[in-house]
Number of protein chains: 2
Amino acid sequence: MKFKSLKRAEDCNARTGLLETPHGVIETPVFMPVGTQATVKTMTPEELEQIGAKIILSNTYHLYLRPGHRIIEEAGGLHRFMNWKGSILTDSGGYQVFSLGELREIREEGVTFRSHIDGSLHFISPEMSIEIQNSLGADIIMAFDECIPYPATYEYVKNSVERTTRWAERCRKHHKNEKQSLFGIVQGGLYKDLREKSARDLVSMDFKGYAVGGLSVGEPKEYMYEVLDYTVPLLPEDKPRYLMGVGSPDAIFEGIIRGIDMFDCVLPTRIARHGTVFTARGKLVVRNAAYARDFSPLDPECDCYVCKNYTRAYIRHLLNANEILGIRLTTVHNLYFLLTLMEKIRRAIEGGYLLEFKQEFFKEFGYD
Amino acid sequence: MKFKSLKRAEDCNARTGLLETPHGVIETPVFMPVGTQATVKTMTPEELEQIGAKIILSNTYHLYLRPGHRIIEEAGGLHRFMNWKGSILTDSGGYQVFSLGELREIREEGVTFRSHIDGSLHFISPEMSIEIQNSLGADIIMAFDECIPYPATYEYVKNSVERTTRWAERCRKHHKNEKQSLFGIVQGGLYKDLREKSARDLVSMDFKGYAVGGLSVGEPKEYMYEVLDYTVPLLPEDKPRYLMGVGSPDAIFEGIIRGIDMFDCVLPTRIARHGTVFTARGKLVVRNAAYARDFSPLDPECDCYVCKNYTRAYIRHLLNANEILGIRLTTVHNLYFLLTLMEKIRRAIEGGYLLEFKQEFFKEFGYD
């Protein structure tokens, strides 16, 4: 993997870059649609390509449990298994395992947990997370970390982040496949000194890229931005920086302004399945009765396949009648909207007018 | 609408033909995928086109209840509402209404029934069925009939079929839109004299086409073939003949051999959603554990999009994980299989080798 930072904004820390993986060149800042179970829900790989997706994220925890990473390895890796020709990033499984709450137990060696599918008992260590991710064969893989919920005490976060750093070192040592780039994940909750220590320790281990993890876990957005304010400057200029689990337009703008290059989130696809779509004028709940006779497109300013071919009335009918085509259409539209927004943001950084573009965008769109 | 019978087999009653509607020319015998709620479940109109679908069926009862035929009329009709450029046939609503069992009451004037969605009370008469179908604007519309379940007494069927004939006359009188072709439906259960009377009465009313209804409702298949044996010859040579609700390969062959031109059925799409696919060697339950590590296509002899790009192992994983892409892929494959079979059957009729082709096909496929 190669990363080249191209243009740096003068009035903020935003930058454009090129990320080259064995499966293509990705312009950054980039949004990665989430394909939890080896599929971006409802979509084919060709449809993802058509809306401009270059890299997707898939979840190690889910694929380890079902169908099992060995089956995917036998299939020739995740790219071949799901027939996706672009790049893939897999998370480490940490986030999902720790989300299990009472179903898991953390020790120095690793985490014991029960499957959310059948309750069976499993154990994942940093080494196993790397082995599973090696089997899956994604272009970018992540160190095994504990993603700490909000709020958490200083004491808890301190112990956790120190362990996460030790785990990161174990991951680094265990990872042998040169074709896969391993990223470290900065943790530390909302505690500045812990974030700083985590960043410095990880940077000294020389990962191929760095993620800021443990944000967008329930804390007010201002706190997240504050953490980025003091954390991102500690990360190397010549490596990609990835803000995990963030996908709302406002937080994407704020992350980019603070120097973030990569994002992923289930938000655009999840709200799509619940009947909410992005439009130039803000979010629209197309499921609402108000749209029963509205024969205009989801977003009159959008030129995606969905907006060129279908009306709000039709999509509302499909959602209402639990027809799968309905959530296919809202999913395609939302991802197109977000990927197109990323493209506009990249052009705005290049053109030196990102902050003006942001102001213009939110005049119509509105923050959450 | 124009219908031209082209080639008639010498060793059976099979024939090819061309059916021309305001939305295109359809080669017969034809299979019509079912789009109950203004969508062939999981598929876009473009995907239907790509697999060769020329005409689809949609259900008057469902569209009347949701979103309501007036909304579809306001949208510019069903073609525009769902963005389907090919031809459409709507049923009369009779089949669904009568399937409601205790929720409906039949009188000479029409049928009172309760909605399966919200229990609300509705009334449909032959005239209203035509009006609703006029609003929907399909190319072919059907007379309002009672579809009698199997078994039924001679007395019940006699009364019912006489009323269906009176209803057909009321439909004919009420239908004014020249662009929509109204078909009559022969009923009569398994009683030869009632089928004959129904056919003769309807033929004298000069419909644009004739359906054989009330079959594939639970009776042994041999009885269905027997009814076709004596009913089809009573229908005019120069009009299309439509066997309603039939879509299994064996019954399609048997229908075609007896002179049927049109078929519709939810079978290929419904079994797809349950994880069963057609292959050259018979049906395959891809959901089964046996396919967890099977990296071959659903049907190695098939050249559809699905078989060219995905493995049984991947599709099994998707179905198992309740991922929508799984049923999208099985649906596309099953419809492609059936539409391609229809194409092969048409070529076999033209080439004069239909019966040989049938024997060859079932050597591998196997009857149900």
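The values are calculated or read from the model by the stated rules, or taken from the named source; none is laboratory data. Please read these numbers as outputs of a predicted model, since none were measured by experiment. Using ideal geometry, Cβ is built from the backbone for each residue, glycine included, and neighbour counts are taken over all protein chains shown. These accessible areas exclude ligands, DNA and RNA; they are computed on the full protein's heavy atoms, side chains included. Shrake-Rupley method; radii C 1.70, N 1.55, O 1.52, S 1.80 Å.
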Could you please give the count of residues in segment A:140-160 that are open to solvent by 10 Å² or more (accessible area, probe 1.4 Å) and either part of a helix (DSSP H, G or I) or more than 16 Å from A:Arg104 (Cα to Cα) (or both)?
9
Boolean, A:His23 is closer than 21 Å to B:Tyr310 by Cα, more than 14 Å from chain B (Cβ to nearest Cβ) and open to solvent by 10 Å² or more (accessible area, probe 1.4 Å):
yes
If you go through segment A:81-139, how many residues are of a type in the set (Ser, Thr, Tyr), away from every other protein chain (no Cβ under 14 Å) and not in a helix (DSSP H, G or I)?
6
Which residue is farthest from A:Ile148 (Cα to Cα), if the candidates are limited to segment A:211-232 and must be among the hydroxyl-bearing types (Ser, Thr, Tyr) and not in a loop (DSSP other than H, G, I, E, B)?
A:Tyr230
Would you be able to tell me the number of residues in segment A:321-348 that are surrounded by 20 or more Cβ atoms within 10 Å (Cβ to Cβ) and small (Gly, Ala, Ser)?
2
Answer with yes or no whether A:Phe183 is within 22 Å of the chain's Cα centre (by Cα) and away from every other protein chain (no Cβ under 14 Å).
yes
When residues of segment A:272-320 are filtered for being outside any loop (DSSP other than H, G, I, E, B), away from chain B (no Cβ under 11 Å) and open to solvent by 30 Å² or more (accessible area, probe 1.4 Å), how many remain?
3
B:Ala348, sole failed condition from (1) out of contact with any Gly (no Cβ under 9 Å at 6 or more places or on another chain); (2) within 11 Å of chain A (Cβ to nearest Cβ)
(2)
Say whether the condition of being of a type in the set (A, V, I, L, M) and out of contact with any Cys (no Cβ under 9 Å at 6 or more places or on another chain) is met by at least one residue in segment B:236-245.
yes
Condition set assigned to a helix (DSSP H, G or I) and open to solvent by less than 80 Å² (accessible area, probe 1.4 Å), scope segment B:351-368, selection farthest from B:Thr16 (Cα to Cα): answer is B:Phe365
Consider A:Ile260 carefully, then state whether it is in the same structural domain as A:Val186 (by the TED database) and within 30 Å of A:Tyr242 (Cβ to Cβ).
yes
Is it the case that some residue within segment B:168-187 is touching a Leu at 6+ places or on another chain (Cβ under 8 Å), more than 20 Å from B:Thr90 (Cβ to Cβ), open to solvent by 10 Å² or more (accessible area, probe 1.4 Å) and not aliphatic (A, V, I, L, M)?
no
Of everything in segment A:321-331 that's at the interface with chain B (Cβ under 7 Å from one of its Cβ atoms) and in a loop (DSSP other than H, G, I, E, B), which residue is farthest from B:Glu47 (Cα to Cα)?
A:Ala321
Tally of residues being of a type outside the set (Asp, Glu) and touching a residue at least 60 places away in the same chain (Cβ under 8 Å) across segment A:224-237
2
